[in-house]
Amino acid sequence: GSQQLNYRLNVDGSIVAMGLFDASGKLVNYVPLENITAGPIDISYLSEALYYLGFFFFDNSLIAAPFYKD
């Protein structure tokens, strides 16, 4: 029932942006680097479902992890 998502990113590499994807892989929210802030992410606007939090890197790679919004 949380309205915020906490995360910890322990990777090497330069982040370009952050994105939230639905279970089908559709990009729901895109946050460019200059708008990424430290701390939890507001997910209150999301419906109950499975999502993925992803980070885009300068080398065109993506790392993502699933979470469930209930």
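The values are calculated or read from the model by the stated rules, or taken from the named source; none is laboratory data. Here the structure is a predicted model, which means the values were calculated and not measured. Cβ: placed from backbone, ideal geometry, glycine included. Neighbour counts: every protein chain shown. For the accessible areas, the whole protein counts, side chains as well, though only heavy atoms, and no ligand, DNA or RNA atoms are used. Shrake-Rupley method; radii C 1.70, N 1.55, O 1.52, S 1.80 Å.
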### Hits in the stretch 13-70 - residues which are open to solvent by 60 Å² or more (accessible area, probe 1.4 Å) and of a type in the set (Phe, Trp, Tyr)
Tyr30, Tyr45, Tyr52, Phe58, Tyr68
### Task
Hey, can you tell me all the residues within the stretch 26-45 that are in contact (Cβ under 8 Å) with a residue 12 or more places away in the chain and under 18 Å from Ile63 (Cβ atoms)?
Val28, Tyr30, Val31, Pro32, Leu33, Ile36, Ile41
### Query
Are any of the residues in the stretch 2-14 out of contact with any Gly (no Cβ under 8 Å at 6 or more places or on another chain) and β-branched (Val, Ile, Thr)?
yes
